[in-house]
Amino acid sequence: MRKIIIAIDGYSACGKSTTAKEVANILGYRYIDSGAMYRAVTLFFLDNHISLTNPREIQKALSEINLGFHFDSNESSDIFMNGINVEKKIRKMRISENVSPVSAIKEVRLAMVAQQRKFGKEKGVVMDGRDIGTVVFPEAELKVFLTADIQTRAIRRQHELLERNQLVDLDEIISNITTRDRIDSMRKESPLIKAKDAFLLDTTHITIDEQVDETIRLAFPKILNKKK
Ligand code: CDP
């Protein structure tokens, strides 16, 4: 069976990561969370007081950031920055509140996209994000674009944060994901947009299992190289 690239894009908190991770497990593929990379860069910029309007400072900071993923036996994937597991830190609201402006910076995007293409070189990857099907892998064999209504997404994100022992007000989450969606969609560099050849999947009324099943159903003809 041939190995393919599966690109899962969409709005904030649509269940992209959960779907992508599970699809990767089923197919025995690598899962790459591109959002975690932008979140890690944001953490570095905040901790090191990098000015978002100084391209030279940004370029220097980017050259000091080394990102990698580690997959453990629980099938979870943690992101490491310069050898340190930053998975927990990057999920904090402090990062969610600052990640979209950082992700809109051209230098940041160029550096991340180059790294993401390296991760996908051997194929057999499921990558989720905002621009995977449009910019990172426009030639991906399968592209899925997820969406869901705002209330459903916010409640799901609130549960996820609770599982991480973070109690965040629903209104604060709604405000954060609405703002991020707006910045991500309006930015000049690689805006969040559905690729023409992506399958649109509204997850408002379906479960994660159904999202996963649907993605696998779409992937099989591609893996078997059948036209569909
Ligand atoms: O999990 P959630 O959908 O809330 O966000 P994420 O996938 O962790 O991504 C966090 C932020 O990173 C997004 O709001 C975007 O600003 C940025 N991002 C991006 O610009 N391009 C990507 N390929 C992935 C994420």
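The values are calculated or read from the model by the stated rules, or taken from the named source; none is laboratory data. Computed from a prediction, not measured in an experiment: that's the story for all the values here. Using ideal geometry, Cβ is built from the backbone for each residue, glycine included, and neighbour counts are taken over all protein chains shown. The protein model used for the area step is the full one, side chains on, heavy atoms only, and it has no ligands, DNA or RNA in it. Shrake-Rupley method; radii C 1.70, N 1.55, O 1.52, S 1.80 Å.
Dividing the mean sequence gap of close Cα pairs (under 8 Å, 6+ apart) by how many residues the stretch 5-122 holds gives a relative contact order of 25 percent.
Our note on the geometry: Cα centres of the stretch 132-161 and the stretch 39-62, 26 Å apart. The heavy atoms of residue 26 offer some 90 square angstrom of accessible surface to a 1.4 angstrom probe.
Restricting the count to DSSP beta bridges whose residues both fall in the stretch 5-215, what percent are antiparallel, rounded to a multiple of 5?
30
Take the Cα of residue 178, go 7 Å toward its beta carbon, and the backbone nitrogen atoms of the stretch 133-158 under 15 Å from that spot belong to 149-155. Ranking 104, 124, 82 by Cα position along the charge dipole of the stretch 66-160, where only Lys, Arg, Asp and Glu carry charges on their C-beta atoms, puts 104 farthest toward the positive end. Ignoring ligands, DNA and RNA, what percent of the accessible area of the stretch 27-126 is carbon or sulfur (1.4 Å)? On the stretch 27-126, the fraction of accessible area on carbon and sulfur atoms equals 50 percent. Using the Karplus relation 6.51 cos²θ - 1.76 cosθ + 1.60 with θ = phi - 60°, the per-residue 3J(HN,Hα) values for the stretch 157-174 come to 5, 4, 4, 4, 5, 4, 4, 9, 6, 10, 9, 10, 4, 4, 4, 5, 5, 4 Hz, with x marking Gly and Pro. Across the stretch 209-222, computed HN-Hα scalar couplings (Karplus, 6.51 cos²θ - 1.76 cosθ + 1.60, θ = phi - 60°) run 4, 5, 4, 5, 4, 5, 5, 5, 4, 6, 6, 4, x, 5 Hz from first to last residue, x flagging Gly and Pro. When you filter the trypsin sites (Lys or Arg not before Pro) in the stretch 116-223 for DSSP loop state and at most 13 other Cβ atoms inside 10 Å of their Cβ, you are left with 121, 164, 188, 196. Between residue 167 and residue 78, the contour length at 0.36 nm per residue exceeds the Cα-Cα span by 29.9 nm.
Dividing the helix sum by the residues of the chain, where each DSSP H run of 4 or more adds -39500 (n - 2.57), gives a mean residue ellipticity at 222 nm of -14500 deg cm²/dmol.
Mind scanning 60/118; 88/121; 123/143; 3/196 and naming the pairs with a C-alpha gap bigger than 18 Å? The answer is 60/118; 88/121; 3/196. Annotation for the stretch 87-128: GluC sites (Glu not before Pro) lying in DSSP loop with at most 14 further Cβ atoms inside 10 Å of their Cβ are 122.
Take every Cα pair under 8 Å in the chain that's 6+ residues apart, average their separations, divide by the length, and report that relative contact order as a whole percent. Over the chain, the number comes to 34 percent.
Need the full-extension length gain, residue 225 to residue 188, defined as separation in residues times 0.36 nm minus the C-alpha distance. One decimal, nm. Could the numbers behind the result be given before it?
On the way: separation 37, 0.36 × 37 = 13.32 nm, distance 3.53 nm.
Working it through step by step, the gained length comes to 9.8 nm.
Calculated accessible area for the chain comes out at 51 Å² per residue, all protein chains present (probe 1.4 Å; ligands, DNA, RNA ignored).
For the pair residue 93 and residue 150 in one chain, pulling the backbone fully straight at 0.36 nm per residue adds 18.8 nm over the alpha carbon distance.
Once you sort the root eigenvalues of the Cα gyration tensor of the stretch 5-215 as a ≥ b ≥ c, which label holds: rounded (a/c under 1.5), prolate (a/b larger than b/c) or oblate (the other case)?
On the way: a/c = 1.35, a/b = 1.17, b/c = 1.15.
In terms of gyration-tensor shape, rounded.
Per-residue Karplus couplings for the stretch 19-32, computed as 6.51 cos²θ - 1.76 cosθ + 1.60 with θ equal to phi - 60°, are listed in order as 5, 4, 4, 5, 4, 4, 4, 4, 8, x, 9, 7, 9, 10 Hz, Gly and Pro entered as x. Dipole size of the chain about its Cα centre, with +1 on Lys/Arg Cβ and -1 on Asp/Glu Cβ: approximately 860 debye, rounded to the nearest 20.
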